[in-house]
1. Answer yes if at least one residue in region 154-163 is in a loop (DSSP other than H, G, I, E, B) and under 22 Å from P61 (Cα atoms), and no otherwise.
2. Inside region 57-78, can you point out the residues that are surrounded by fewer than 20 Cβ atoms within 10 Å (Cβ to Cβ), β-branched (V, I, T) and touching a residue at least 40 places away in the same chain (Cβ under 8 Å)?
3. Can you tell me which residue is farthest from A198 (Cα to Cα) among those in region 20-48 that are surrounded by fewer than 24 Cβ atoms within 10 Å (Cβ to Cβ) and small (G, A, S)?
4. Determine if region 100-108 includes at least one residue that is closer than 15 Å to A184 by Cβ and within 16 Å of ligand 1 (Cβ to nearest atom).
5. Can you spot a residue in region 57-77 that is aliphatic (A, V, I, L, M), out of contact with any strand residue (DSSP E or B) (no Cβ under 7 Å at 6 or more places or on another chain) and either within 13 Å of ligand 1 (Cβ to nearest atom) or closer than 23 Å to A272 by Cβ (or both)?
6. Considering region 187-198 alone, what residues qualify as being touching a Ser or Thr at 6+ places or on another chain (Cβ under 7 Å) and either within 11 Å of ligand 1 (Cβ to nearest atom) or modelled with pLDDT of 95 or more (or both)?
7. With respect to L21, determine if the residue is closer than 26 Å to L161 by Cα and part of a helix (DSSP H, G or I).
8. Taking the criterion of being at pLDDT 95 or above, open to solvent by 30 Å² or more (accessible area, probe 1.4 Å) and either assigned to a loop (DSSP other than H, G, I, E, B) or among the polar types (S, T, N, Q) (or both), would at least one residue in region 49-56 satisfy it?
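The values are calculated or read from the model by the stated rules, or taken from the named source; none is laboratory data. Every value quoted in this text rests on a predicted model; they were computed, and no experiment measured them. Every residue, glycine among them, receives a Cβ derived from its backbone with ideal geometry; neighbour counts consider all protein chains shown. Accessible surface areas use protein heavy atoms only, side chains included; no ligands, DNA or RNA. Shrake-Rupley method; radii C 1.70, N 1.55, O 1.52, S 1.80 Å.
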Amino acid sequence: MTRAPLVAPDAEGIARAVAALDAGRAVGMPTETVYGLAADATDARAVAEIYAAKGRPRFNPLIAHVASVDAARIEGQLDERALALAAAFWPGPLTLVVPVAPGGAVCELARAGLDTIGLRVPSHPAALRLLQAVARPLAAPSANPSGRLSPTCAADVADELGEGVALVLDGGPSNVGIESTIVAALPGEPLRLLRPGAIARAEIEVLVGALSAAHDGAVRAPGQLASHYAPQARLRLDATAAEPGEVLLAFGPDAPAGAANLSASGDPVEAAARLYALLRQLDATGAAAIAVAPIPDIGLGEAINDRLRRAAAPR
Ligand code: AMP
Ligand code: MG
């Protein structure tokens, strides 16, 4: 397995990282909390590469990292409460979950189909330089394979992710070492603490009052929720062909010509990148049901099947 180079975050290193990101690759990005595995959040294919590199069995919503409050406001709708928290803690280890902005460019796969978005302006100087240079939001979960500890230095990222990462910006050890605090600011709801983290609850509460607990609704366990994009059409899984009234969501080279195909070459990374867009497109036909071809449970196939099973569950 080739090991990704560790690159100093100087002008040349940042330019190399931007080139990799422009090419749809993932790069290791130092942040003050832990190292992130960063990719262009507006490019579903690049985001699929993140999930593939981490080997996550399901699509969790990823935090979109941006360079400034202004950049955050292009992607999410920050109300007065969110703006107050942003003014106090950004750049820094606070993630705000807010409604997606109508003109936002972060892809649905990065949001795991939610109509909310997690946004953060990190304070690590190398992360800020990269975000300014790339001028697009970067989706960046922690840069560890699923189930392993979050990495707090560049060498750990290169050692653990192998070919899943193009290069690692070496910004030295992460000095916080625990994840960002996540607060949801959603319309008609009190501010909720979704995840305790690097900024203590008390520091937030002196500014905005008591934080409510996460509840069983949309934001607590985003991977498991009905508020994830679910088509109007029923889903019939493991279908070999579409029956009358159905449209086919195909996979692989043996599909009928002209069918909506998640990946004609049978590539699960491509299929993940196309999943939400094709479900939406087929749903818009008004068909009563979408017949979904079997997708092997290999690589990202596992996360795709998890997502499809949920969308197919009775509701
Ligand atoms: P991390 O593990 O630091 O990459 O943070 C990812 C976590 O952020 C997810 O597992 C969610 O808990 C949270 N998150 C990110 N985006 C959203 C969102 N749109 N809605 C709710 N929670 C989110
Ligand atoms: Mg993690």
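1. no
2. The one that is surrounded by fewer than 20 Cβ atoms within 10 Å (Cβ to Cβ), β-branched (V, I, T) and touching a residue at least 40 places away in the same chain (Cβ under 8 Å): V69.
3. If we take residues in region 20-48 being surrounded by fewer than 24 Cβ atoms within 10 Å (Cβ to Cβ) and small (G, A, S), then A23 is farthest from A198 (Cα to Cα).
4. Within region 100-108, one or more residues are closer than 15 Å to A184 by Cβ and within 16 Å of ligand 1 (Cβ to nearest atom).
5. Checked region 57-77: no residue is aliphatic (A, V, I, L, M), out of contact with any strand residue (DSSP E or B) (no Cβ under 7 Å at 6 or more places or on another chain) and either within 13 Å of ligand 1 (Cβ to nearest atom) or closer than 23 Å to A272 by Cβ (or both).
6. Passing the criteria: P190, L191, R192, R195, G197, A198.
7. yes
8. no
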